[in-house]
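First the structure, in the form of structure tokens, and then the observations on it.
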Amino acid sequence: MDNKTLNRKELINAYLEFFKSKKHKKIPSAPLTPEKDPTVLFTTAGMHPLVPYLLGQEHPLGKRIVSLQRCIRTTDIDNVGDKSHHTFFEMLGNWSLGDYWKKEAISWSLEFLTEILKLDINRISITCFKGEGSVPKDEESARIWMSLGIPKERIVFLGKKENWWGPAGKTGPCGPDTEIFYWAGKENPPKRFNPKDTRWVEIWNDVFMEYEKNIKGEYNPLKQKNVDTGMGLERTLAVVNKIEDNYLTETFLPIIKKIEKVSKKDYKESEEIKKTMRIIADHIKASIFIVSEGVYPSNTERGYVLRRLIRRLTKYAKINLSLEGTNFIREIAEPVFEIYGDSCEELKKDKQKILKIIEEEKIKFDKTIQKGLKILEKKLKEDKVITCKDIFLLYQSYGFPLELTEEISKEKNIQIDKEGFQNELKKHQELSQISCKDKFKSGLADCSERTIKLHTLTHLLNESLRKVLDKNIKQKGSNITPERLRFDFNFNRKLSEEEIKKVEDFVNKKILEGISVKKEKMLLKKAIKIGAQAEFGTRYPEVVDVYSIGSFSKEICSGPHVKNTKEIGRFKILKEESVASGIRRIKATID
Ligand code: SER
């Protein structure tokens, strides 16, 4: 392969084909908003859709899986701006679900890098797990790497902080990992590997998932030993093409070029401009993908992340590039549709709708900024002073960015208390972190008895809504914790009390009928043909599991479920509300 001109599509194809040749079956990218894992807001790695199978359930496609997964990681949203962090990225991965183990995983990783991508083995370094707690040092992986030609001084053992992956949420599969680094420096690589030298770029992670963390924080061996690997597409593309900055690879460059055009500024002008353009490019891309999955800007959970992304990009565009209004949004969004349109149908299909939602949110933010400006100017004029509490209020209630307060105050020669503001902010963040931890106490990933019951109940509710209210109702989202289920569906108005009662009675009747629940593996085509419900926007593999509740309900789903509806208990609707225009939400539980 000509590694000078390797493009995104070629890299993806090469990876998928290589693992297909090693008997892996491809699964499509799962949604960014994981339906079955309420311990996380977004899909952060390729393993999310595989959690039930990593825990031991049989996968309809077998024990070897390969995929390209779209991911969102928001934990380091504030680090976006350097040359390698993104909130949205794509991950190539291969999995062994209780099949092959370290020797195959490691040798295939190296074979792909050196034989297919033609990367130089002399520029590769490795980290392995050094052992901690009851889990021993991973000598086996190091031995395998050495047997394949990686010298001892290029292997470093590190602790849990670096060489342990998962669980993604609070509970679930996890284990030690071995990470592959590639020398991206212009000079020749040093003989000895120093993981702190940032010219060594991490490109691939092979995780040996043989443990499950439970709700008490204990690590227990899983029924089966799994391999979970993840290769960062943007980073790999950068190192293969010898590009030092991920934002100059084809996954970002066209967006950066458009930002340069609309702002009439040069990316290379200064570090500050580079940072600004990277943030805008990353955030517009992530926002487009999040909106494409039916998320609307709001003040909670995913909607809040989306709101934050749109506001941050607005802020940077306004302050550092003097970009106002919404026209520029359309221009800089265009390359995102061009880069990903072929591999993501929803983007193409819903382009106008997606752009409208982002623009509306931007207009809303512009208005709050105007309001905040008036308040700030009044304060500056009348009181001639602005306290840290004022800055915080502007920030918290009007989303008014600190930088704007700072800039306007500076024009009037008024000092502001930035440190006081940061302290207020910290206090507030600590409080919201505590409430967030409470909210995501557990979830389907731990497969608790209540969660499983609520899961089957969700299928009953889905079908009952169609029977009682309207046959055109479709599921638009779902989230299950042991405490309650949450179910979103399309419906244009509020439900009356009688309707709520009717739905409750209908579902309870079905529960009492004691209907058995059955799982059947079949071709996706057949599942659709027999009328199994499928989630809109989800791309399924060729072979799927279909769960039937007698002849009442059929859904494509990965489970798990109860064996009989009578196990569920009494169904009760707690709340019915609107979440977006035309979308209603039911929260319900069992006694
Ligand atoms: N889950 C691991 C990671 O995200 C491997 O894909 O790094």
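The values are calculated or read from the model by the stated rules, or taken from the named source; none is laboratory data. Predicted model, so just to flag it, every value in this text is computed and none were measured. Cβ coordinates were reconstructed from backbone atoms using ideal geometry, including for glycine residues, and neighbour counts include every protein chain displayed. The accessibility values were calculated without ligands, DNA or RNA, using every heavy atom of the protein model including side chains. Shrake-Rupley method; radii C 1.70, N 1.55, O 1.52, S 1.80 Å.
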* For region 93-98, Karplus couplings with θ = phi - 60° (6.51, -1.76, 1.60), whole Hz, Gly/Pro x -> x, 10, 10, 10, 9, x
* **Rg in Å to one decimal, and Dmax rounded to a whole Å, for the chain via C-alpha atoms** => 25.5, 75
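Would you mind counting up the charge near Gly46? Only other residues with Cβ under 10 Å from its Cβ, with Lys and Arg at +1 and Asp and Glu at -1. Each step should come with its number before you reach the end.
Values: positive: Arg70; negative: Glu90, Asp228.
Summing Lys/Arg as +1 and Asp/Glu as -1 gives -1.
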* Could you pull out the pairs from Lys265/Lys371; Lys130/Lys196; Lys474/Lys518 whose alpha carbons sit more than 24 Å apart here? => Lys265/Lys371
* Long-range amide H contacts for Arg484: which residues qualify at under 5 Å (H placed 1.01 Å from N, peptide plane, sequence gap of 5 or more or a different chain)? -> none
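Determine the calculated [θ] at 222 nm for the chain from helices alone, applying -39500 (n - 2.57) to every DSSP H run no shorter than 4 residues and normalising by the residue count; nearest 500 deg cm²/dmol.
Details: 18 runs with 239 residues, N = 591.
Theoretical 222 nm ellipticity from helices: -13000 deg cm²/dmol.
For the peptides 409-421, 253-265, 80-92, 152-164, what is the packing order when you average, over each peptide's residues, the other Cβ atoms within 10 Å and list the highest mean first?
Values: 409-421: 13.5, 253-265: 17.8, 80-92: 21.2, 152-164: 15.9.
Peptide ranking by packing, descending: 80-92, 253-265, 152-164, 409-421.
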* Environment charge of Leu68, counting only residues whose C-beta is closer than 9 Å and scoring Lys/Arg +1, Asp/Glu -1 -> +1
* Quote the accessible area belonging to Phe42 in square angstrom, nearest 10, computed with a 1.4 Å probe and with ligands, DNA and RNA left uncounted. => 10
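Can you tell me the relative contact order of the chain? Whole percent, Cα pairs under 8 Å, sequence separation 6 or more. Mind showing how you got there, number by number?
Working: 1043 pairs, mean separation 75.8, N = 591.
Relative contact order comes out at 13 percent.
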* Asked: Averaged per residue, what accessible surface does region 244-370 expose to a 1.4 Å probe, in Å²?
  -> 42
* Asked: For the chain, what are the DSSP H helices with axial Cα length of 27 Å or more and mean Kyte-Doolittle hydropathy of at least -1.0?
  -> 271-292, 301-321, 351-382, 449-468
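Work through the residues other than Arg330 whose Cβ is under 12 Å from its Cβ and net out their charges, Lys, Arg +1 and Asp, Glu -1.
+1
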* Structure fact -> Plugging the Cβ-Cβ distance of Lys223 and Asp78 into 1/(1 + (r/R0)^6) at R0 = 56 Å yields, to the nearest 0.05, a FRET efficiency of 0.90
* Based on the Cβ-Cβ distance of Lys371 and Glu411, what FRET efficiency does E = 1/(1 + (r/R0)^6) give at R0 = 22 Å, to the nearest 0.05? -> 0.70
* Using θ = phi - 60° and Karplus 6.51 cos²θ - 1.76 cosθ + 1.60, couplings along region 479-489 (whole Hz; Gly, Pro as x) -> 8, 10, 10, x, 7, 7, 10, 10, 9, 9, 8
* To do: Please list, or write none, the aspartates and glutamates whose alpha carbon is within less than 18 Å of the alpha carbon of Lys83, excluding same-chain residues fewer than 8 places away.
  => Asp197, Glu202, Glu234, Glu244, Asp245, Glu250, Glu260, Asp266, Glu269, Glu271, Glu272, Asp282
* Run the accessible area of the chain with a 1.4 Å probe and give the carbon-and-sulfur part as a rounded percent. => 50
* Percentage relative contact order, region 123-203, counting C-alpha pairs under 8 Å, at least six apart -> 36
